[in-house]
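The values are calculated or read from the model by the stated rules, or taken from the named source; none is laboratory data. Owing to the predicted nature of the structure, the values given are computational and were not obtained by experimental measurement. Glycine gets a Cβ as well: all are built from the backbone with ideal geometry, and neighbour counts include every protein chain shown.
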């Protein structure tokens, strides 16, 4: 187990380096002059030069890349260009609001979609299955923005069921503010999740061992509960687990519409303000968190299912 | 045994047999026709011309251009929806046709050659997919500057990855099959073996991936437009829905409804057709 852990850890170092390389290439090589983008079109040459010096953009590229790697290792990304906040603290403060929206939404979605997927796949081919398939494709075909606007306008503005937007740092109040975004987030993901679960359960039903179980005279209900259920949980759990790293990112649209001060909303602000250092740091940090979370979920997975091994990946 | 048809022949037959799938194809064709004919019927430019005062309510009485009312500048909303269709479809189609060859190339080469080439490509794929696609999308379109070309490049850069990964897996499965060994013993070159023998056997994955790419591209265009990183001087569904967030509280629902319905119908058709395609191309189904 420890050998696996260490191997997996070493394996993720080149990936982290790759992410740094891609982000650096994007932000420092491909793009136009970031200093120019930040100060706007009408800035004086001295002003641009000052910003370039502040960001270290006047250094040779290799030095810039070295600085960037140092930033990653020391986790010190400097200050936001617009608000002058320390970026590390900004991201740290943003993670909690994001998680308090994404974690409840994640668990509710997983619970509902697995339950509904089970029921629907049991009644496969009958009207309840057909009806719900149509319904869930309808749900997932609507644009996310439409859900948000409808929810805010009808449920919050007209019916006063929820606050229109806002956030509270205290706990009982926070639930009040988070209820509607969580509901929308669940609705947004429910359709595709249920469809995936239904299909993977039905795939399991078509396996040979199920035919054997039926052939030996087992009642359909027990075939389903004893055999299909257990085996179909493998793709289901995998599907749920691979979503975990995305929890940190949250939802850009939901956070910005509901004024939740999380990572997603910060991304929107950074884009709107052309806050180059924040955007670069954010992309880096979220990707690194993503890699680390994937690492841990892989290891957890390995603990649960010993058949998985590093060699069989991909 | 009935007359044997290939995978594709069977798939086409299954699609044509299903009224729902045919309906979806017709719907997608309808959108394509609308988008292309807009150019010839003169809608292409007239979306930007005010036809009446701001916020005229929709109605049937005053002709086609008032069908969905007007926006805050008095421009016809239905013309904007049609223009938005062109933007959405071009983003979807261009992305799919740009990323498919890239995905095919890297996926096939990695799976086929293995060794350090495979390691390198897998490293690259894993690296890119470690950056959440939304952030990668934003980062690319931000650094390339706003506009259509940046959107194409950003979407292509994020879309080819999953196809390459899927194809690599498929190619690994096929690599040791007899037909490839036979081709090798007949002296077929690497390129010949990959593109003439291997690719046709995994091509259904390409078609499926492309339908996902189109859907992902159209959805992402809406998000990028909302962030102000999307298409700049043309109306797009994302921009229209975004505009509508202020209009809704004043009871002006038509711009939101127009763009949402258009996007919904197209997404629905693509989703359902994608499902039918997957079933139709599944060799295990319907024996």
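Could you tell me whether any residue of segment B:202-213 is touching a residue at least 24 places away in the same chain (Cβ under 8 Å), under 29 Å from residue A:268 (Cβ atoms) and either surrounded by fewer than 16 Cβ atoms within 10 Å (Cβ to Cβ) or away from chain A (no Cβ under 14 Å) (or both)? Looking for residues that are touching a residue at least 24 places away in the same chain (Cβ under 8 Å), under 29 Å from residue A:268 (Cβ atoms) and either surrounded by fewer than 16 Cβ atoms within 10 Å (Cβ to Cβ) or away from chain A (no Cβ under 14 Å) (or both), one finds at least one in segment B:202-213, hence yes.
Inspect all residues belonging to segment B:50-57 and state whether any of them is more than 14 Å from every other protein chain (Cβ to nearest Cβ) and touching a residue at least 60 places away in the same chain (Cβ under 8 Å). Before the answer, list the steps.
Kept after step one, since they are more than 14 Å from every other protein chain (Cβ to nearest Cβ), are these residues of segment B:50-57: B:50-57.
Checking which are touching a residue at least 60 places away in the same chain (Cβ under 8 Å) leaves us with B:55, B:57.
For segment B:50-57, residues more than 14 Å from every other protein chain (Cβ to nearest Cβ) and touching a residue at least 60 places away in the same chain (Cβ under 8 Å): present.
Among the residues of segment A:16-38, not a single one is away from every other protein chain (no Cβ under 14 Å), surrounded by fewer than 18 Cβ atoms within 10 Å (Cβ to Cβ) and in contact (Cβ under 8 Å) with a residue 24 or more places away in the chain. Is it fair to say residue B:75 is within 28 Å of residue B:48 (Cα to Cα), more than 9 Å from chain A (Cβ to nearest Cβ), surrounded by fewer than 24 Cβ atoms within 10 Å (Cβ to Cβ) and in contact with a strand residue (DSSP E or B) (Cβ under 6 Å, 6 or more places away or on another chain)? Yes, satisfied.
Per-residue answers, yes or no, for (1) in contact with a helix residue (DSSP H, G or I) (Cβ under 8 Å, 6 or more places away or on another chain); (2) over 15 Å from residue B:208 (Cβ atoms); (3) at pLDDT below 80; (4) more than 10 Å from chain A (Cβ to nearest Cβ):
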| position | (1), (2), (3), (4) |
| --- | --- |
| B:241 | yes, yes, no, no |
| B:252 | yes, yes, yes, yes |
| B:255 | yes, yes, no, yes |
| B:264 | yes, yes, no, no |
| B:267 | yes, yes, no, no |
| B:272 | yes, no, no, no |
| B:275 | yes, no, no, no |
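A count restricted to segment A:148-178 and to residues that are facing another protein chain (nearest Cβ under 10 Å) and either within 24 Å of residue A:262 (Cα to Cα) or crowded, with 19+ Cβ neighbours inside 10 Å (or both) stands at 7. Selection of segment A:248-264 for residues being closer than 14 Å to residue A:109 by Cβ and more than 11 Å from chain B (Cβ to nearest Cβ) yields only A:254. I'm trying to understand the selection: among the residues of segment A:198-239, which are closer than 30 Å to residue A:98 by Cα and surrounded by fewer than 18 Cβ atoms within 10 Å (Cβ to Cβ)? Correct list: A:233, A:234, A:235, A:237, A:238, A:239.
Among the residues of segment B:88-115, those identified as crowded, with 24+ Cβ neighbours inside 10 Å and under 13 Å from residue B:199 (Cα atoms) are B:103, B:107, B:111. I'm trying to understand the selection: among the residues of segment A:266-279, which are surrounded by 24 or more Cβ atoms within 10 Å (Cβ to Cβ) and either out of contact with any helix residue (DSSP H, G or I) (no Cβ under 7 Å at 6 or more places or on another chain) or at the interface with chain B (Cβ under 8 Å from one of its Cβ atoms) (or both)? Once the filter is applied, which keeps residues that are surrounded by 24 or more Cβ atoms within 10 Å (Cβ to Cβ) and either out of contact with any helix residue (DSSP H, G or I) (no Cβ under 7 Å at 6 or more places or on another chain) or at the interface with chain B (Cβ under 8 Å from one of its Cβ atoms) (or both), segment A:266-279 yields A:267, A:279.
Here residue A:106 meets each of (1) touching a helix residue (DSSP H, G or I) at 6+ places or on another chain (Cβ under 7 Å); (2) assigned to a helix (DSSP H, G or I); (3) outside the structural domain of residue A:259 (by TED's automatic domain parsing); (4) touching a residue at least 60 places away in the same chain (Cβ under 8 Å) with one exception, condition (3). Evaluated against (1) buried (at least 16 other Cβ atoms within 10 Å of the Cβ); (2) at positive phi, residue B:251 falls short on exactly one condition, (1).
Quick grid of which residues meet (1) within 26 Å of residue B:215 (Cα to Cα); (2) in contact (Cβ under 8 Å) with a residue 12 or more places away in the chain; (3) part of a helix (DSSP H, G or I):
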{"position": "A:88", "(1), (2), (3)": "no, yes, yes"}
{"position": "A:94", "(1), (2), (3)": "no, yes, yes"}
{"position": "A:97", "(1), (2), (3)": "no, yes, yes"}
{"position": "A:117", "(1), (2), (3)": "yes, yes, yes"}
{"position": "A:125", "(1), (2), (3)": "no, no, no"}
{"position": "A:132", "(1), (2), (3)": "yes, yes, yes"}
{"position": "A:156", "(1), (2), (3)": "no, yes, yes"}
{"position": "A:173", "(1), (2), (3)": "no, no, yes"}
{"position": "A:179", "(1), (2), (3)": "no, yes, yes"}
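Of all the criteria given as (1) in a helix (DSSP H, G or I); (2) within 14 Å of chain B (Cβ to nearest Cβ), the one not satisfied by residue A:47 is (2). Taking the conditions exactly as written (more than 16 Å from residue B:8 (Cβ to Cβ), surrounded by 21 or more Cβ atoms within 10 Å (Cβ to Cβ) and within 9 Å of another protein chain (Cβ to nearest Cβ)), does residue B:217 satisfy them or not? Spelling it out, it is not the case that residue B:217 is more than 16 Å from residue B:8 (Cβ to Cβ), surrounded by 21 or more Cβ atoms within 10 Å (Cβ to Cβ) and within 9 Å of another protein chain (Cβ to nearest Cβ). Taken as a whole, the structure places residue A:203 among residues that are closer than 24 Å to residue A:123 by Cβ, within 11 Å of chain B (Cβ to nearest Cβ) and at pLDDT 80 or above.
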